[in-house]
Amino acid sequence: MRILFWGTPEFAAEVLKTLINSKHQVIAVITQPDKPKGRGQKVTPPPVKEIAIKHNIPVYQPEKLKNNQEIINIIKELNPDISVVVAYGKIIPKEILDIPKYKTINIHASILPKYRGAAPIHRAIMEGEKETGVSIMELVEKLDAGPVYAIEKIEITDEDDIISLHDKLAKLGSQLLLKVLDDIQKGATATPQDESKATYAKPIEKEEGLIDWSKPATEIFNKIRALKVWPKAYTNFRGEQIKILDATPLNEEYAGDYGEIVKIENGIVVKTGKGSLLIKQLQFPNSKPISTLDAVRGYHIKVGEKFG
């Protein structure tokens, strides 16, 4: 099939690479405009654009889509069989969705109708889900509400974090997409979602990184691994904000206040609302990540001190 690909971040770039190496033809890519990134605010192209340029695929980066006759004309001239959308980042108007012969399909990183919206991988981890997956659906104007062609599920292990699960789902979605494209060509139809079971994965906000030590250790652990890339889980210590990067929940209960360091052994053990948390890696302001044992030695951290 002649595919018009829409996408922006790394997740989409992984899928684009799979399509480029398949029997299908990616005729063009539509992605977000280049944006300032990092401390130096250097204008940087989206990962999808970099892949497309490397393979000599035309790239379009419209500032807006609504009432954009120019991009409508471009798509009509490209005459794609199907549009594939993966984490593009903007609502695509119906008049654009309907241009291709087989309309427009989307890969979403959840088991729909659960976790519609912007942050399905983060939210699944934060909520302590034991499984997630990818869904491939027809794109409609309502957010992630279109009929579904296929769903593939995957286990969320205690070793998973936002990085590992993101990578697993990108690969899973790429392979499922190839199957669905074949199915669509053979006349497959999609199944409507059960609206009564829909839940939403709202965007992550920086304030969500703040650790509440009165919560159970498992809940704090889930927050740490879900927010490992951004904004990172954080707490206050000695009047500074420090980031907690790696930890393990423990069943042991200790006397003391929530957030109190109750033991130093293989790391820093902190009392929580239920159980305790072994902190293995943290980061002080303007410093590199370090193990908690190095932090104990370097900052002379002692039992009885408190986080929060």
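Which whole-Hz couplings ³J(HN,Hα) result when phi for each residue of the range 55-60 is put into the Karplus expression 6.51 cos²θ - 1.76 cosθ + 1.60, θ = phi - 60°, listed in order with x for Gly and Pro?
Here the 3J(HN,Hα) series is 10, 6, 9, x, 10, 10 Hz.
Take the Cα coordinates of the chain, assign each an equal point scatterer, and use the Debye formula without solvent to give log10 I(q)/I(0) at q = 0.15 Å⁻¹.
Once normalised to I(0) and log-transformed, intensities are -1.11.
When ranked by the protection proxy of mean other Cβ atoms within 10 Å per residue, highest first, what sequence do the peptides 194-204, 98-108 form?
98-108, 194-204
Going down the list Lys66/Lys206; Lys35/Lys90; Lys142/Lys228, which pairs span over 22 Å between their C-alpha atoms?
Those over the limit are Lys66/Lys206; Lys142/Lys228.
Assigning unit charges at the beta carbon (Lys, Arg +1; Asp, Glu -1) and nothing else, what dipole magnitude in debye, to the nearest 20, does the range 2-197 show about its Cα centre?
600 debye
Amide H of Ile154: which non-local residues (sequence gap of 5 or more, or other chain) have their own amide H closer than 5 Å, using H built in the peptide plane?
Here the answer is Thr132, Gly133, since their amide H atoms fall under 5 Å of that of Ile154.
Using the alpha-carbon atoms, what tilt in degrees (0 to 90, nearest 10) does helix 162-185 show relative to the longest principal axis of the chain?
Tilt of helix 162-185: around 20 degrees.
Amide H to amide H, which residues 5 or more places from Leu139 or on other chains are under 5 Å from it, using H placed in the peptide plane?
Thr104, Ile105, Asn106
Arranged from highest to lowest average of other beta-carbon atoms within 10 Å per residue, in what order do the peptides 271-278, 257-264, 43-50 appear?
271-278, 43-50, 257-264
Less than 11 Å Cβ to Cβ from Ile96, Lys/Arg counted +1 and Asp/Glu -1: what total charge do the surrounding residues give?
+2
For Glu305, enumerate residues with amide H under 5 Å from its amide H, sequence gap 5+ or separate chain, H modeled in the peptide plane.
It is Ile261, by chain and number.
Which ³J(HN,Hα) values, rounded to whole Hz and listed in residue order, are derived for the range 258-270 from phi using the Karplus coefficients 6.51, -1.76 and 1.60 in 6.51 cos²θ - 1.76 cosθ + 1.60 with θ = phi - 60°, glycine and proline given as x?
Result, rounded to whole Hz: 4, x, 7, 6, 9, 6, 10, 6, 6, x, 9, 9, 10.
Tilt of helix 217-226 relative to the longest C-alpha principal axis of the chain, in degrees (0 to 90, nearest 10)?
Result, in degrees: 40.
Asp167: net charge of surrounding residues, Cβ under 12 Å, Lys/Arg +1, Asp/Glu -1, itself excluded?
Once all neighbours under 12 Å are counted, the net charge is -2.
Whole-Hz ³J(HN,Hα) for each residue in the range 84-98, computed from phi via Karplus 6.51 cos²θ - 1.76 cosθ + 1.60 with θ = phi - 60°, x for glycine and proline: what do you get?
In residue order, the calculated couplings are 10, 10, 9, 6, 5, x, 9, 6, 9, x, 4, 5, 8, 4, 8 Hz.
Using the Kirkwood formula over every pair of different C-alpha atoms, what hydrodynamic radius in Å results for the range 42-108?
13.2 Å
Readers should treat all values here as calculations from the given coordinates under stated rules, not as data from a laboratory. Bear in mind that the values here come from a model prediction, so they are computed numbers and not experimental data. With ideal geometry, Cβ positions are generated from the backbone for all residues, glycine too; neighbour counts draw on all protein chains shown.
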